[in-house]
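The values are calculated or read from the model by the stated rules, or taken from the named source; none is laboratory data. Because the structure is a prediction, the values reported are computed rather than measured. For neighbour counting, all protein chains shown are included, and Cβ atoms are generated from backbone atoms with ideal geometry for every residue, glycine included. Remember, those area values only see protein heavy atoms, side chains included, never the ligands or the DNA or RNA. Shrake-Rupley method; radii C 1.70, N 1.55, O 1.52, S 1.80 Å.
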Amino acid sequence: MSIKVRLHPILQKLAEGQEVVEVTGHTTGECLENLESRFPDIKKMIRAKRGQLRPYCNILVNSESIYPKELTTPVKDGDQIDIVVFVTGG
């Protein structure tokens, strides 16, 4: 099963400059784990200590928000996951 993960520009530098990475998994959480195993610095950026997503990250599947089930939503071959990082500052 092949799922495409589109990375926010901030995350692309942590994935060797790739905008899209193909992963495998049956849920969004499994797909993120596959991505994080290949690019461990992404995990540091999007996950808190207990494994939950950081508040500034949003996960979309096929351009639709899946909140509050960001890590348990089923995915199928050909789906696209987008990782959106909200950037703030002043």
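Brief remarks on what is shown
- Selected residue (only one of E30, E36 is in contact with a Lys or Arg (Cβ under 6 Å, 6 or more places away or on another chain) and assigned to a helix (DSSP H, G or I)): E36
- Cβ-Cβ contacts under 6 Å between residues 6 or more apart (or on different chains), taken from a first residue in the stretch 1-27 that is at negative phi to a second residue that is open to solvent by 50 Å² or more (accessible area, probe 1.4 Å) and in a helix (DSSP H, G or I), are listed as L14/D41.
- Within the stretch 44-66, the presence of at least one residue that is in a helix (DSSP H, G or I), in contact (Cβ under 8 Å) with a residue 24 or more places away in the chain and under 11 Å from the mean Cα position of the chain (by Cα) is confirmed.
- Residues of the stretch 67-90 that are assigned to a strand (DSSP E or B) and either farther than 15 Å from I3 by Cβ or among the basic types (K, R) (or both): V84, V85.
- Hits in the stretch 13-27 - residues which are in a helix (DSSP H, G or I) and open to solvent by less than 40 Å² (accessible area, probe 1.4 Å): A15
- Residues in the stretch 43-90 that are surrounded by 17 or more Cβ atoms within 10 Å (Cβ to Cβ) and hydrophobic (A, V, I, L, M, F, W, C): M45, I46, L53, C57, I59, L60, V61, I66, L71, V75, I81, I83.
- Tallying residues that are aliphatic (A, V, I, L, M), under 14 Å from L7 (Cα atoms) and in contact with a strand residue (DSSP E or B) (Cβ under 7 Å, 6 or more places away or on another chain) within the stretch 37-57 yields 1.
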